[in-house]
Amino acid sequence: MTFDITTIALIGIAYLLLLFGVAYVAERGWISHRVLHHPITYIMSLGIFASAWSFYGVIDLAFQFGYGALAYYLGTGALFLFAPVAIAPLAQLARRFQIGSLADLLVFRYHSQAAGSLVTAGMVMACLPLLALQIQAVADTLQIITINSTEELPDALNDWSFREVMALAYCVLLALFTVLFGSGRDQHPGLVVAMALESLIKVVALMAIGLLAVYGVFGGLDELDQWLLDYPENLELLHQPIHDTASHTLLLVFLATAISMPHIFHMSVVENPLHKTTATLSWAFPLFLLFLALPIFPILWAGFELGVNLPAQYFTLGIPMQMNSPGFTLLAFLGGVAAATGAMVALCLALSTMLLNYWLLPATRLGRHNLYRQLLWSRRVLILLVFSAGYAFYQLLDNNYSLTHLALMAFIETLQFLPGIFAVAYWPTANSRGFIWGLCLGTLVWMVGLLLPTVFGIDHVTVPVLDKEIGLGIDYWNTITLMSLGLNVGAFVLLSLTTRTSEEERYSAELCAEDELSHPLRMILDVHSADEFATRLAKSLGEDSARKELKRALDDLNLNRNERRPYALRRLRDKLEANLSGLMGTAVASEILDRHIPYHLPEAKGTADINLIENRLTKYRSQLTGMAAELNNLRLYHRNTLEELPMAVCSLGQDLEILMWNQAMVALTDIPSETVIGSHLDDLKQPWRQLLEDFSRSPMPHLHKQQLDLGGRSHWISLHKANIASPVANSADGQVILLEDMTETQLLEQELVHSERLASVGRLAAGVAHEIGNPITGIACLAQNLKYETDDPEAAEDTAQQILSQTQRVSRIVQSLVSFSHTGQQDKIDFMTVSLRDCAEEAIALLSLQKDKTQVRFRNHIDTHLSVRADSQRLIQVFINLLSNARDASPEDSEVRLESSIEGHFAQFRVIDQGSGIPAEHQERVLEPFFTSKDPGEGTGLGLAMVYSIVEDHEGHLDILSPAPGQTLGTQISIKLPLNLESQHESGNTN
Amino acid sequence: MNNQRLLILFLLIAYIFSPTLFTWVVNPEGAWYRPYILWAILILAAFIFQRRSNSDDL
């Protein structure tokens, strides 16, 4: 039975239109997201692995190699079975660095543009036979089902002009489809769905023909078994060739196809829509292959049984034709077309991407204007070129080779990439020199042994000297495979071990070989804002594209344009590079980025990018096992300890990048950690920036009670810091800073000072009362006298005058007590210029009122012009405390001297007494609150502590010398107060 | 890391039993679909393994 040519053409076009329709519908988003992103869709789309060769050619393979044919499925199946180990590392790598093709992966790993160009050349050569195979399969089957010629078919297969025309039409339609749905930049949902549909058709068709063979031809499984018993030579055929070495080579060759065929790589990595699919892939894809492999032998046997007058490779189509079943014939035909179409489209996409990235872009500089458009059109032209090349190669071979021969030719060349690809994930020592030479040698052997003899029809060469013939061409594929791979691996290993690897390559190798968690260095960028990226990239990409790329990268990372954190900018650069390499290949992208936004190595060694490591560890926590998981738990424990520490902690890198900002720090500063981590200290808001910057730069390990104005309220913060030892070099890797909120303590202290003042007021009150008593008595006497002096107005006036002077005395005494008991000014901003001498004088006046105490002579020698900026009340308090202590320690009638001098920027005054002095064992403790050597009830022990705190508040120093210099006894307390407190204070405000 | 250890273990077992398996598979007395049975068992094992490692994650 045959079909009319127009019917078949219409059916073919209808099928392709259906494909267009499905792709279009998916591209427009009309198919539900769940279907689109379902693992099954993706796994089916991977089915392009089974090209027309596995639909037709594999029957021929089964005929030649028996069970050996299963190697095609088992090799690939085994690779996917171990997907979590064999494919996942590559897929992760590819996803992380936006690797779009095999050439990208190899260039990324071997850091060599030459490798990229070479890989592309090798891939194009390898794919030409495969493209020719698909075209040939479609053209042959088209001819088979349109010509009713069971007798003359073998002849007709060789020379039929309309077959070429049909093949050309098919190529043109496919090229159109690929240009429309595959040339864009992002993932192509339309393409994925269309490929999935094709795989579905293909597997259904093959299974249907298999069932037809078992039940239609033999009449059931039991009958098939019986038939096999009747014709045992068929079973023999299964087992016989498996002992041949060729089967093992076959397994090796087919293993290579799964990983190094550019279209499989393209579908499994570039179009991979899901993260978790790799795990499902490990069983679902081998299952898919099982369905494909199951009908092979029944179809072969049914073909024998029916005596199909076609080569074994077309039995799939021949059986339904022989049985006169138009439905099954059409299904088989469409299955074949689907298989060929899927492989062609994916192959062309993968090849055109590689050609664009490694041949076209490095050779031509695209203009800066409208970059995307140029790229799109370049890719489209390349797709058309690849299709043309495939068709030309098909024409060149002129149908002289079977599908199996073409497939083997292609697969043996792709096998040459296998050593390099495996080394990407598993052998960090491998280097570009080894890879390039190995690949060159392997490819050369393949070209001389297989490609050229096939094209030019040579089957042997004679070695001139030895006069020995060496067989060439497809009949010797086994020897050629082993030889090319042997030379390739030998050169690769030898050169990798003996030659030096560049620094950059070693870095990439480590990135590839290790798992995701090693990316140790915190590189330095000289870019300080996201916008600067756009300005710099514009030099290469043009302003418009640069802006679009920046926006895209920012959106991907969820950052905004105002981003200034070095950590985020580093991520942004990596993202830009990844996105650009998706657009124009790893080599060109890294060249552009290196030129405009170069990374600098950090000056200090071992500057780890803590934030990045942290992020990755958090992200991949569930994947860690064993020791790594334990270490991670330990890390988490330490991290949480720091994080929950009820004290504000932050840590800074050497470049003053903020690496840690704990909860207490957030509470204290009101700055959320996510906005601050990774940023430079410069970008912190005031007043924290000033505080932390000054402190981190100062050599002092502690800084006490820094006053800050937070939300209109004064806070006092003490800071402490320590250097963090670097884990690598013997140096500091940054510092950890502890902030202590002293506000509560400060307020308590102030209250204490006030209480102490009130206590002094109480102590002074007795003296005051006594002092007031005298004038009051005087006033009383004078008032009495006044009674009798009514007739003498002069005497009365005199008495009144005396009364007035006595009351003035009283009010002066009361006034000085009142002024002393005032709280005074707490803020430095309210300090005024006060004369030290006047303050001392005031204190002396108050103390002189205490007649019940030891009477000493106060000698005030403080310079009249010496003045400081201070709170006068508190300064008087200082004098009161110091002088009363001096008086209490002094013997009767001794002298307490007050002296002053100027030392640099400080005014110094000294209180020197001739008392008993302070015993050495007490000297350390006299400044502690509540320490007193006086009898109980006499002193609170707060006097000197208060003096110390007031002096600290005034940024002064206090020194105690006992015995006083130049004396055998006595104590000298000297206090320094800054002379220029005023100017310091003002400069502090303006900062 | 765990995965690779399992892989090595699996390869060792596969290596030890490969002669027996191979003889069983290519035994001319047996059914022609024996290799497919073996294949199906492998797929089942992979499926179970994947299910288990998934539930570990949760």
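Every read-out reported here was derived from the displayed coordinates using simple, explicitly stated rules and does not represent laboratory data. Just so it is clear, the structure is predicted and the values come from calculations on it, not from any experiment. Because the Cβ atoms are built from the backbone with ideal geometry, glycine has one as well, and the counts that use them run over all protein chains shown.
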Could you please state, rounded to a whole Å, how far the C-alpha centre of the range A:470-514 is from the C-alpha centre of the range A:651-725?
55 Å
What number comes out for the charge environment of residue A:769, summing +1 per Lys or Arg and -1 per Asp or Glu over other residues with Cβ under 12 Å away?
0
Please report the Cα spread of the range A:747-990 along all three principal axes, rounded to whole Å, starting with the longest.
67, 46, 35
Restricting attention to the range A:1-47, which chymotrypsin sites (Phe, Trp or Tyr not before Pro) occupy a DSSP loop and are surrounded by at most 15 other Cβ atoms within 10 Å?
A:30
Rh by Kirkwood over Cα pairs, then Stokes-Einstein D for the range A:660-726 at 0.692 mPa s and 37 °C, µm²/s
253 µm²/s
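Sorted from fewest to most neighbouring beta carbons within 10 Å, what does the list A:291, B:22 look like?
The most exposed by this proxy come first: B:22, A:291.
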Taking only the alpha-carbon atoms of the range A:354-431, what semi-axes of the equivalent ellipsoid follow from 5 times the gyration tensor eigenvalues under a square root, in whole Å, largest first?
30, 26, 8
Give the lysines reachable from residue A:619 as a straight Cα distance under 22 Å; neighbours fewer than 8 places away on the same chain don't count.
A:276, A:575
Whole-Hz ³J(HN,Hα) for each residue in the range A:884-899, computed from phi via Karplus 6.51 cos²θ - 1.76 cosθ + 1.60 with θ = phi - 60°, x for glycine and proline: what do you get?
5, 4, 4, 5, 4, 8, 8, x, 3, 6, 7, 10, 10, 9, 10, 10
May I ask for log10 I(q)/I(0) of the range A:612-741 at q = 0.17 Å⁻¹, from a Debye sum over the Cα atoms as equal point scatterers with solvent left out?
-0.95
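What do you get for Rg/Rh over the protein assembly as shown if you use C-alpha atoms and the Kirkwood form of Rh?
Answer for the protein assembly as shown: 1.28.
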Would you tell me the mean number of C-beta atoms belonging to other protein chains that fall within 10 Å of each C-beta in B:38-46, as a whole number?
6
Cα-centre dipole for chain A with unit charges at Cβ (Lys and Arg positive, Asp and Glu negative), debye to 20
1540 debye
How tilted is helix A:432-446 with respect to the longest principal axis of chain A? Cα atoms for both, answer in degrees (0 to 90, nearest 10).
10 degrees
If amide hydrogens are placed 1.01 Å from N in the peptide plane, which non-local residues have theirs closer than 5 Å to the one on residue A:906?
A:979
I'm a student and want to see the number: the projected area of the Cα convex hull of the range A:317-372, averaged over all directions, in nm².
5.7 nm²
When all alpha-carbon pairs of the range A:537-604 are counted, what percent fall beyond 20 Å?
25 percent
If each K or R counts +1 and each D or E counts -1, the residues other than residue A:142 whose Cβ falls under 11 Å of its Cβ total -1
